[in-house]
Amino acid sequence: MVAVMNKSLVKYGVTVLALVAVLVVIFWQQFAAQPVIPSALKNMGGDFELQSSQGPLALHDFRGKAVLIYFGYTHCPDVCPMALGVMAAAMQQAGDALKHRVAGIFISVDPRRDTPDKLDQYARFFDPRIKGVTGTPALLDKVAAAWRVDYAVPDQPADASYAVEHSTFIYLVNPDGKVAGLFDEKTSAAVIAEQLRLWLR
Amino acid sequence: MKKMIVALMLFVCMPVAHAAELVVSDAWVRLPPPVAKDTAAYMTVENRGREALRIVGISCDAVDAAGLHGMRMDGARMMMFALPAVDIPAGGEAIFAPGGSHVMLMGLHQPLKSGERITLNLQLSSGEVLPVAAEVRDMRMNHGHHGGMH
């Protein structure tokens with residue numbers, strides 16, 4: 001009787017030990033896998049609240065997701081659609097399992113011409129998970145300064161044809177809302193998809 | 001095999017614009033979101049002649065205004081600027097490609113459709129006008145037959 005009990009105790013102990021070992025390995029892997037934010041990016045970014053067609057939209061609404069952010073304007077013929085195409089492709093390549101954990105934000109620095117409704121239609125062409133937002137020039141200036149975005153909108157009426165100079169970064173924001181990577185429209189979608197996967201591991 | 005067919009198709013579709021000297025290949029227009037009125041066109045213009053040629057402008061009936069644009073970085077800012085002319089030396093080529101020099105198309109009269117062809121008219125300093133058929137391409141992943149971004 002005693003021997004039998006000892007045997008099952010030993011069995012139980014071994015099982016517990018094995019489970020603990022597996023958990024330790026899993027936690028260790030998770031810890032070791034946590035990517036590091038390059039120090040150059042540490043003073044960049046921050047929360048903002050801008051206007052979407054559905055009302056106010058803040059970066060903190062995306063906590064827990066990996067977010068790709070681009071500053072541009074819809075009249076941009078070349079680099080903006082390239083960048084949004086790369087963002088959409090990266091989000092799609094990140095895989096079906098992460099489908100609901102990746103998102104995009106397209107921030108227009110040209111609110112005179114880009115209404116939230118127009119931005120919504122523009123952004124969803126690339127991927128419905130990319131939200132189009134904008135704000136007042138004063139607010140955009142503040143956000144742009146925090147995100148180290150350099151841009152200039154010429155002083156022309158909304159119905160004029162003009163180009164907006166702007167920086168062309170694609171930002172990767174990690175699930176904690178911190179800027180964790182910087183790309184541009186020439187980066188391959190596969191490279192960005194890999195970073196999305198890393199931060200969501 | 002697939003690649004060969006695509007290559008053959010490209011060859012057949014190649015709009016040979018000016019048989020004598022200028023050969024325009026891979027002319028295409030980026031399909032913009034339906035809500036956008038502006039987009040860009042791209043092409044390679046090869047000068048097979050013995051003399052340098054100069055493109056002095058471009059026009060397109062499908063838009064309010066068309067122009068040749070260059071791009072440069074000013075610090076971190078991407079700047080577009082109008083190109084007054086593009087010179088192509090004898091035996092040389094001018095490349096208009098995404099992220100570089102491009103044909104700016106402003107004020108589309110109606111939304112474009114993937115696969116449709118629109119005509120771009122290259123204006124040469126000689127006074128000649130060279131019509132080029134450019135195919136509208138949807139560059140999104142899993143859309144159109146040209147695949148995604150390269």
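The values are calculated or read from the model by the stated rules, or taken from the named source; none is laboratory data. On a predicted model such as this, the values are computed, not experimentally measured, just so you know. So basically every Cβ, Gly included, is an ideal-geometry build from the backbone, and we count neighbours across all protein chains shown.
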- Query: In segment B:127-150, which residues are at pLDDT 90 or above, under 24 Å from B:GLU46 (Cβ atoms) and assigned to a loop (DSSP other than H, G, I, E, B)?
  - Reply: B:GLY127, B:GLU128, B:MET139
- Item | Top-ranked residue of segment B:36-69 - restricted to ones that are among the acidic types (Asp, Glu) and at the interface with chain A (Cβ under 9 Å from one of its Cβ atoms), ranked as nearest to A:SER108 (Cα to Cα) | B:ASP38
- If we scan segment B:109-120, do we find a residue that is modelled with pLDDT under 95 and over 23 Å from A:ASP114 (Cα atoms)? no
- Query: If you go through segment B:70-84, how many residues are within 12 Å of chain A (Cβ to nearest Cβ) and either among the aromatic types (Phe, Trp, Tyr) or in contact (Cβ under 8 Å) with a residue 24 or more places away in the chain (or both)?
  - Reply: 4
- Name every residue in segment A:150-197 that is aliphatic (A, V, I, L, M) and at pLDDT below 95, in order of residue number. A:ALA152, A:VAL153, A:ALA158, A:ALA160, A:ALA163, A:VAL164
- Screening B:ALA94, B:ALA90 for residues that are in contact with a Lys or Arg (Cβ under 8 Å, 6 or more places away or on another chain) and either more than 14 Å from chain A (Cβ to nearest Cβ) or surrounded by 14 or more Cβ atoms within 10 Å (Cβ to Cβ) (or both) leaves only B:ALA90
- Of (1) at negative phi; (2) surrounded by fewer than 23 Cβ atoms within 10 Å (Cβ to Cβ), A:ALA83 satisfies every one except (2)
- Message: Looking at segment A:165-187, can you tell me whether even one residue there is facing chain B (nearest Cβ under 10 Å) and among the aliphatic types (A, V, I, L, M)?
- Response: no
- Message: Checking A:PRO38 against (1) in contact with a helix residue (DSSP H, G or I) (Cβ under 6 Å, 6 or more places away or on another chain); (2) modelled with pLDDT under 95; (3) not aromatic (Phe, Trp, Tyr): exactly one of these is not met. Which one?
- Response: (1)
- Task: Restrict the check to segment A:107-125 and report whether at least one residue is surrounded by fewer than 24 Cβ atoms within 10 Å (Cβ to Cβ), in the same structural domain as A:ASP176 (by TED's automatic domain parsing) and on the phi > 0 side of the Ramachandran plot.
- Result: no
- Across segment A:67-103, which residue is nearest to the other protein chains (Cβ to nearest Cβ) among those that are part of a loop (DSSP other than H, G, I, E, B) and within 13 Å of the chain's Cα centre (by Cα)? A:ALA94
- Query: Would you say A:LEU50 is under 13 Å from the mean Cα position of the chain (by Cα), within 30 Å of B:MET71 (Cα to Cα) and not hydroxyl-bearing (Ser, Thr, Tyr)?
  - Reply: no
